[in-house]
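The structure appears right after this line, and notes come after that.
The values are calculated or read from the model by the stated rules, or taken from the named source; none is laboratory data. This is a predicted model, so every value here is computed, not measured. Here the Cβ positions follow ideal geometry from the backbone for every residue, glycine too, while neighbour counts run over all protein chains shown. Keep in mind that these areas ignore ligands, DNA and RNA; they rest on the heavy atoms of the full protein, side chains included. Shrake-Rupley method; radii C 1.70, N 1.55, O 1.52, S 1.80 Å.
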Amino acid sequence: MTEFLQQLINSLSLGSIYALIALGYTMVYGIIKLINFAHGDVYMVGAYVGYACMTHLHLGFFESLIAAMIICTILGVLIERVAYRPLRNSTRIAALITAIGVSLLIEYTMMYFVGADPRAYPEMPAYLTGSFEVGGVIIRNQQVIIIGVAVVLMIALQFIVKKTKMGKAMRAVSQDPDAARLMGISVDRTISFTFAIGSALAGAAGVLVGVYYNSINPLMGIIPGLKAFVAAVFGGIGIIPGALIGGYVIGGAETLVSSIGYSLFKDGVVFAILILILIVKPTGLLGKNVKEKV
């Protein structure tokens, strides 16, 4: 039982990070039906911004977290404005190829400026490095903060989407952009806001990963980005609660495989889940089949 609870805590920490990244995928898809494969690289940029703030500017963890979210917000809006908006009425394959191109551009631009070598986050303050024991389960302060930050951000997102004017606009554009435009909603501004929110969450996830694993590199966004995409598909891409559920399920599956001694297969298991869900329920756990009129 103790071992189970220990792995549960580990899976909640990892799942929180995947859920934050998956939210960006699912929000953007819900608005413009685009798989933003550059999203994982926005998460990587967030990790580097946090590293720079802590190492060179000597800021604290929470100040660095906010700085990373702000920079990634700006980056997300720029990506949407420069790369995706001109292709909004193009074919989906054109937008998809552009997303892959933007992803590679960010990765190798970052590699040019910071080098390919991994960087280690600086020594963390005591409130991040300590741990405590509850009923034989060792819980690290880092894990508590990661889960706490993720939950606060998810609650804030739900509040924005459900209770604010911009959230109402997001839901309207998601259902019918043309009708939303006729009702006076600025579709362009709403889409930019969606990219901004998703990118901010990815930036926060990048800093949390840097603190948790203490190692970052310019290609670190590829695999976590794909796993977060799997999480979004698992829960039902375009559905925010589905992304949360998918993130925690993928985090739990990865932790379980590692805990039984098959850590080499943890990535393979995640993508096996993707194949299985596409065969059994292509719309995802919370997705519904939608009939299209011809």
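For this structure, a couple of remarks:
- Lys pairs under 28 Å by Cα in the chain, provided they are eight or more residues apart or on distinct chains: 24
- Computed from the Cβ-Cβ distance with R0 of 22 Å, the FRET efficiency linking MET124 to ILE70 stands at 0.55.
- Taking 0.36 nm per residue of separation and subtracting the Cα-Cα distance, full extension of the segment from GLU63 to VAL151 would add 29.9 nm.
- Segment 176-240-segment 1-46 distance, computed between alpha-carbon centres (Å): 9
- Within the chain: Cβ-based charge dipole about Cα centre, in debye rounded to nearest 20 (Lys, Arg +1; Asp, Glu -1): 1220
- Extending 7 Å from Cα along the Cβ direction at PHE265 and again at PHE4 yields two label points whose distance is 2.2 nm.
- The chain, relative contact order in percent, only Cα pairs under 8 angstrom and at least six apart counted: 36
- Charge-dipole axis of segment 165-294 as Lys and Arg at +1 and Asp and Glu at -1 on Cβ define it, positive-most pick from ILE260, LEU201, ASN217: LEU201
- Rh by Kirkwood over Cα pairs, then Stokes-Einstein D for the chain at 1.567 mPa s and 4 °C, µm²/s: 66
- Accessible surface of the chain, 1.4 Å probe: 68 percent of it comes from carbon and sulfur atoms.
- Dipole magnitude of segment 1-105 about its Cα centre (Cβ charges: Lys, Arg +1; Asp, Glu -1), debye to nearest 20: 540
- Charge dipole (debye, nearest 20) of segment 82-165; +1 at Cβ of Lys and Arg, -1 at Cβ of Asp and Glu: 720
- Exposed trypsin sites (Lys or Arg not before Pro) absent - longest run of the chain, DSSP non-H/G/I/E/B, at most 16 other C-beta within 10 Å: 89-287
- Helices in the chain that qualify as membrane-span-like (whole DSSP H runs, Cα extent of at least 30 Å along the helix axis, mean Kyte-Doolittle hydropathy of 0.0 or higher) are 2-32, 92-114, 141-163, 187-213.
- As computed over segment 1-151, the Cα convex hull volume per residue (Å³): 137
- Computed FRET value (nearest 0.05) for MET183 with ILE160, which takes r as the C-beta separation and R₀ as 25 Å: 0.80
- Furthest towards positive pole of dipole, ILE147, PRO122, SER186, structure part the chain, Cβ charges: SER186
- Rel. contact order, % - alpha carbon contacts under 8 angstrom, at least six apart, segment 225-280: 31
- With all protein chains kept in place, the per residue accessible area of the chain amounts to 50 square angstrom at a probe of 1.4 angstrom.
- Note on surface exposure: ILE223, ILE160 rank ILE223, ILE160 by accessible area, highest first, 1.4 Å probe.
- Considering every alpha-carbon pair of segment 84-222, the percent of pairs per 10 Å bin, from zero through the bin containing the longest distance, is 10, 26, 28, 23, 11, 2.
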